[in-house]
Structure formats: C-alpha cells, structure tokens
2 protein chains.
Amino acid sequence: MGREIERKFLVTGSGWNHGATGKRMTQGYLSLDPDRTVRVRLAGDEAWLTIKGRAQGLVRQEFEYTIPAHEARELLALCTGAVIDKIRYRVGYAGHVWEVDVFHGDNDGLIVAEIEMDSEDVKVPLPEWVGDEVSDDPRYLNSHLVRMPFKEW
Amino acid sequence: MGREIERKFLVTGSGWNHGATGKRMTQGYLSLDPDRTVRVRLAGDEAWLTIKGRAQGLVRQEFEYTIPAHEARELLALCTGAVIDKIRYRVGYAGHVWEVDVFHGDNDGLIVAEIEMDSEDVKVPLPEWVGDEVSDDPRYLNSHLVRMPFKEW
C-alpha cells in the first residue's frame, strides 16, 4: 500500500507559471464510490490504474499500477461519467514540488495546486499564487468533477 | 484488451474430480457495476486486478493486471460486499480444460464449471458431470454472489 497525504489549494493568478511545460492527462473512473475509487489515467504513452480509499483527514490509502497506454484508452471508454482533461505542471517552491492542474473541457477555468507530504504534520510554505485551501471540499475531487463539472457549479 | 468468452454450467455429481488438486482463491470487488466490474483476486502468492465490461451474449471485455499479493490482501479489505472463498480445479475433458469452482463460506454447496472459448461459435463437448447451463443467469456471477450469497437463495 501507499498512502497519499495531500493538501489542495485554488490557484490565484499566473505567478506559478514561469514557462513550465505541462503534461496533458486524461482520466476517468471505473468506480466513483468514495470508499474505493478506481481511476484510469493516461498521460502520453504512460498510463496507470489507481485505487484510493476514503480520505481520513489529509490521508488516503493509494494503490497504483502501471498499465499499457493502449489499454488505458479502452478502459477510459468503459469509465462512468465524463473523462477529465487537464494539463499538469510541476512547479518548485521553497524546496517542495507542487502539482498545478489546469483543467479543460467541462472544467475549463478551474486551476488547483496540490502538494504531497510525507506526514500530516509537515508545515509546507505556501507560495503567493495559492489562495483558499480546498483539501476538505469534495467538489474539487476529480472523482466528483466527472459527475459535476466546474462549468455547472 | 482481452475478451472473455465463457459458458457456465452447474456441476452434478463428483465425476469431474479424479484426485485433481485445486487452488484456493479469495476474491472481492472494488466495483460491482455490471458495466465495469473491478475484481481483486488472491491465489496463494499470486494476485490480479481484473476489469470486465458488461457481457454481450457470452462475450465480455476483460483487462487483467498482476499485482503484489500483499497489496491484494489490503485491497480485499477495501472491497464492497463479502469476499468470495473458493477452490478452483482445472479439469481436462475431450481436449478442453474446464475450471470447476467449489465455493465455501456463504456460498457453500455451490459448484459451477466454466469453459473459456476462442469464439462464441465453438461447439464444446459437454462432460457428463455438467447439468444446467447458467451462462445467462446473473445470480451466478461472482460479483452477484458477494451481495446475495448462495446460502440466502
């Protein structure tokens, strides 16, 4: 098992983007059950199947397996709800690497920044380009966005 | 993608068991949605994650990935519904290999035989120890047995 310990923030402004090149990701869900989400993610010629348990505080169980990209395309067609289309940028700040997701399609306009931590107690310095924390807001879960995309909020 | 083309029968009598040694399997489901079941199966020190689409006739899309056995144990604890416990025997008959599943626990008393085929048109000779065909009966799906075990029928 892995554990995912993550905080999530809305992004304000464009200060994070110093010419970083992003990676396009498409992802969908075979299970939207919050106790056991099953995600298919395709990024270029790489793909993964990821199972996550229910979040407890900032922590979720996470199991991730590499799968062939051509099978990920077929699995995306099996998914329930919409497929999410986003560009992920990796942005360094104060010794930490943030992941900034710029959503497209039905979630156009949504930009969130995530930081993974080794423990819940770590104090991460916040860049000036992050705004409100949304770690506890289920609307921002990607597994929620496939049913209720940002444009319908 | 793989395709699974399979027929399923009830087993009558013990004529199939000529001292064959079986392999114990425990399995559960991360998704019971018939359009996209996600199964975790553990057999000794081997384990798999298997996604199947909705059956169309005898055919289902199937994607299978090997996963570490110790992670399968943790994933089984994440599964919805009961975990199925069965012994699978491989039994040769007329040039075909049948899989005979002898269920235990809440499905004690249920024995089914399955045969995988390369195409729906293959005429498979039926052994004398198979009875009614249940290929089209969803009650016999393992993904159904975790919610409605045989002992409650």
Q) Expressed as a rounded percentage, what relative contact order does chain B have, with Cα pairs under 8 Å and six or more residues apart? A) 30 percent
**Q.** Peptide-level mean, for B:44-54, of C-beta atoms on other protein chains within 10 Å
**A.** 2
**Q.** Copy-to-copy label separations for A:V122, where each label sits 7 Å from Cα toward Cβ, in nm and ascending
**A.** 5.1
Q. What net charge is computed for the residues neighbouring A:G57, neighbours being all others with C-beta under 15 Å from the C-beta of A:G57, Lys and Arg scored +1, Asp and Glu -1?
A. -4
Q) Per the helix-only calculation at 222 nm, which mean residue ellipticity applies to chain A, given -39500 (n - 2.57) for every DSSP H run of n ≥ 4 and division by its residues, nearest 500 deg cm²/dmol? A) -2500 deg cm²/dmol
Q. Going by alpha carbons, how many degrees (0 to 90, nearest 10) lie between the helix axis of B:69-78 and the longest principal axis of chain B?
A. 80 degrees
Q.
Going 7 Å from Cα along the Cα-Cβ axis for the label, what nanometre distances separate A:P68 from the same residue across the other copies?
A. 2.5
Q | trypsin sites (Lys or Arg not before Pro) restricted to segment A:94-153 and DSSP loop, no more than 15 other C-beta within 10 Å | A | A:K123, A:R147
**Q.** Backbone HN-Hα couplings from phi across segment A:120-135 [Karplus 6.51/-1.76/1.60, Hz, Gly and Pro as x]
**A.** 5, 8, 4, 9, 9, x, 8, x, 6, 8, 9, x, 4, 7, 10, 3
Q. What ranking do B:Y65, B:Y89, A:Y29 get, fewest neighbouring Cβ atoms within 10 angstrom at the top?
A. B:Y65, B:Y89, A:Y29
Q. For the rotation bringing A onto B, which A residue has its Cβ nearest the axis, and at how many Å?
A. A:S31, 2
Q. Can you sort B:W129, B:W48 by how many other beta carbons sit within 10 Å, fewest first?
A. B:W48, B:W129
Q) If you take the alpha carbon radius of gyration of the protein assembly as shown and divide it by 2.2 N^0.38 Å, what ratio comes out, to two decimals? A) 1.18
Q) Measuring from centroid to centroid over Cα atoms, what is the spacing of segment B:114-153 and segment B:41-109 in Å? A) 13 Å
(Q) Taking every alpha carbon pair in segment B:106-149, what does the distance histogram look like in 10 angstrom bins from 0, in percent? (A) 21, 49, 25, 5
Q) What are the nm distances, shortest first, from B:N17 to its equivalents in the other copies, labels at 7 Å along Cα→Cβ? A) 6.6
Q | Qualifying lysines (Cα of each under 28 Å from Cα of A:K23; at least 8 residues distant if same chain) | A | A:K8, A:K52, A:K86, A:K123, A:K151
Q: Specify the residue with the greatest mean-square fluctuation among B:A47, B:A82, B:A20, computed from a Gaussian network of chain B linking alpha-carbon atoms under 10 Å apart.
A: B:A20
**Q.** chain B: most fluctuating residue of B:G95, B:G105, B:G131 per GNM, C-alpha cutoff 10 Å
**A.** B:G95
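Each reported figure results from applying straightforward, stated rules to the coordinates on display, with no laboratory input. As the structure is a computational prediction, the values presented were derived from the model and not from experiment. Don't worry about glycine lacking a Cβ; one is built from the backbone with ideal geometry, like all the others, and counts go over all protein chains shown.
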